[in-house]
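One structure is given here, and the rest of the page talks about it.
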């Protein structure tokens with residue numbers, strides 16, 4: 001009878017015959033499998049993390065290439081970063097354009113019902129899609145291709161809207177499947193453990209993306225588009241000094257007199273850039289976003305007869321999220337005063353809160369399928385050995401879906417200052433970086449800091465008008 005139990009398990013594996021099938025995805029979860037990479041990036045060991053990721057495909061073509069693209073960018077391996085992010089973009093685009101579920105994905109989903117969600121194709125979060133195009137844009141900017149960077153800024157807004165609609169559809173489909181099988185989990189007992197990340201715009205919109213987009217539009221003299229994104233960025237971060245000054249500056253140039261009166265009344269007159277000086281705009285990425293943890297709990301399920309049974313399930317959760325402190329950047333012996341642009345931890349927690357209802361519904365359906373496998377094994381083997389084998393399989397493969405873009409920055413800040421023409425120096429982690437400032441021109445500096453490591457480069461963004 002043990003053979004029959006093995007046949008049952010083999011059948012579930014055949015259903016899972018997909019690119020994501022591996023011992024790691026069956027018996028572990030994404031954050032656990034990538035703990036070494038995560039630790040390396042957090043410590044600033046970019047080259048070691050890049051080496052760890054070289055042959056990895058744990059997260060599939062979308063997520064694995066996101067990780068590779070981000071880590072290679074930190075390691076200053078820009079061609080490799082661009083290639084990886086393009087591959088991720090291609091896979092994400094194909095997923096978004098797929099009108100019907102493919103045969104292979106149907107097998108993935110069916111197999112996941114006997115194992116866990118790690119076997120399904122990864123559906124990137126809205127904020128992750130935004131970051132994907134943001135880093136593609138930064139790759140273009142690093143290569144002095146402003147036009148390519150602006151294309152990515154436009155795409156970022158489009159893909160996030162489409163992703164939100166797909167997620168809403170997925171929730172409805174999960175609810176319909178649960179009703180069809182006559183089982184219903186107690187969502188209230190689970191959702192109470194996932195507090196709302198906050199209804200502020202910072203939890204759902206990326207101020208970093210909006211500010212970068214507006215800055216690049218202004219550099220290309222597309223003032224209407226710049227003004228729209230500056231105003232959106234201001235709604236997300238109403239106390240950010242750089243956004244306030246830029247919004248007022250563009251309102252003046254466009255002759256938006258009504259808006260201008262309201263902005264000046266609320267914030268006062270912006271800093272004037274003296275003739276002959278240049279403006280330095282600094283983007284300062286800090287730390288690494290929190291990783292999801294595993295949370296095991298008992299989930300009550302009611303069947304069609306009204307009977308309740310409790311099952312052990314594993315769900316992803318953010319626990320004890322802490323932000324690493326970094327000292328201010330030093331410019332010419334003076335500290336830069338930063339303003340918050342984006343809190344990736346907040347966006348990640350909000351995304352999980354939005355997804356968790358769908359996850360719990362899928363878990364309920366999975367438990368129903370696994371329970372049917374156990375009952376079938378029990379009927380075929382009076383000794384209980386087969387049922388024990390299936391039960392142990394169910395427990396071992398019950399893994400949370402902790403997939404997320406683990407190498408993103410935890411928080412992003414901005415700062416700006418007017419400087420005289422010539423060479424200036426930024427100091428980060430004890431290392432000095434020269435920055436050339438041109439008269440009446442704007443200079444963009446990108447900095448990312450993890451552990452004691454820093455990646456920094458700068459570009460000219462055109463004349464100040």
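The values are calculated or read from the model by the stated rules, or taken from the named source; none is laboratory data. This is a predicted model, so every value here is computed, not measured. We place every Cβ from the backbone using ideal geometry, glycine too, and count neighbours over all the protein chains shown.
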Exercise. What is the one condition in (1) surrounded by fewer than 24 Cβ atoms within 10 Å (Cβ to Cβ); (2) touching a residue at least 60 places away in the same chain (Cβ under 8 Å); (3) more than 16 Å from residue 413 (Cα to Cα) that residue 216 does not satisfy?
Worked result: (1)
For this session: Please identify the pairs in which a residue from the stretch 358-376 that is within 17 Å of residue 117 (Cβ to Cβ) has its Cβ atom under 6 Å from the Cβ atom of a residue that is buried (at least 18 other Cβ atoms within 10 Å of the Cβ) and modelled with pLDDT of 70 or more, counting only partners at least 6 apart or on another chain.
Result: 363/313; 367/311
For this session: List every residue pair whose Cβ atoms sit under 8 Å apart, with the two residues 6 or more apart in sequence or on different chains, where the first one lies in the stretch 313-325 and is in contact (Cβ under 8 Å) with a residue 60 or more places away in the chain and the second, anywhere, is surrounded by fewer than 12 Cβ atoms within 10 Å (Cβ to Cβ) and part of a loop (DSSP other than H, G, I, E, B).
Result: 317/193
Seminar exercise, completed: Filtering the stretch 253-305 down to residues that are part of a strand (DSSP E or B), at pLDDT 90 or above and farther than 30 Å from residue 320 by Cβ yields 277, 278, 279, 280, 281, 282
Exercise. Can you find a residue in the stretch 410-420 that is surrounded by 22 or more Cβ atoms within 10 Å (Cβ to Cβ), in a loop (DSSP other than H, G, I, E, B) and either on the phi > 0 side of the Ramachandran plot or modelled with pLDDT of 80 or more (or both)?
Worked result: yes
Exercise. If you check 361, 365, which single one turns out to be crowded, with 21+ Cβ neighbours inside 10 Å and at pLDDT 65 or above?
Worked result: 361
Seminar exercise, completed: A careful count of residues in the stretch 384-409 that are loosely packed, with under 14 Cβ neighbours inside 10 Å and either at pLDDT 75 or above or not in a helix (DSSP H, G or I) (or both) gives 1
Seminar exercise, completed: Note on residue 85: of the conditions (1) at pLDDT 95 or above; (2) surrounded by 14 or more Cβ atoms within 10 Å (Cβ to Cβ); (3) farther than 26 Å from residue 460 by Cβ, unmet is (3)
For this session: Please list, ordered by first then second residue, the pairs with beta carbon atoms under 7 Å, 6 or more apart or interchain, first in the stretch 446-458 and on the phi > 0 side of the Ramachandran plot, second surrounded by fewer than 18 Cβ atoms within 10 Å (Cβ to Cβ).
Result: 451/43
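Across the stretch 421-456, which residue is modelled with the lowest pLDDT among those that are part of a strand (DSSP E or B) and surrounded by fewer than 15 Cβ atoms within 10 Å (Cβ to Cβ)? Walk me through it before giving the result.
Step one: list which residues in the stretch 421-456 are part of a strand (DSSP E or B), which gives 422-428, 431-437, 441-450, 453-456.
Imposing the further condition that a residue be surrounded by fewer than 15 Cβ atoms within 10 Å (Cβ to Cβ) reduces the set to 422-423, 425, 431-432, 434, 436.
Values: 422: 95, 423: 96, 425: 96, 431: 91, 432: 94, 434: 96, 436: 94.
The extreme case among them is 431.
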For this session: Select from the stretch 37-63 the residues that are farther than 18 Å from residue 77 by Cα, modelled with pLDDT of 95 or more and surrounded by 23 or more Cβ atoms within 10 Å (Cβ to Cβ) and list them in ascending order.
Result: 62, 63
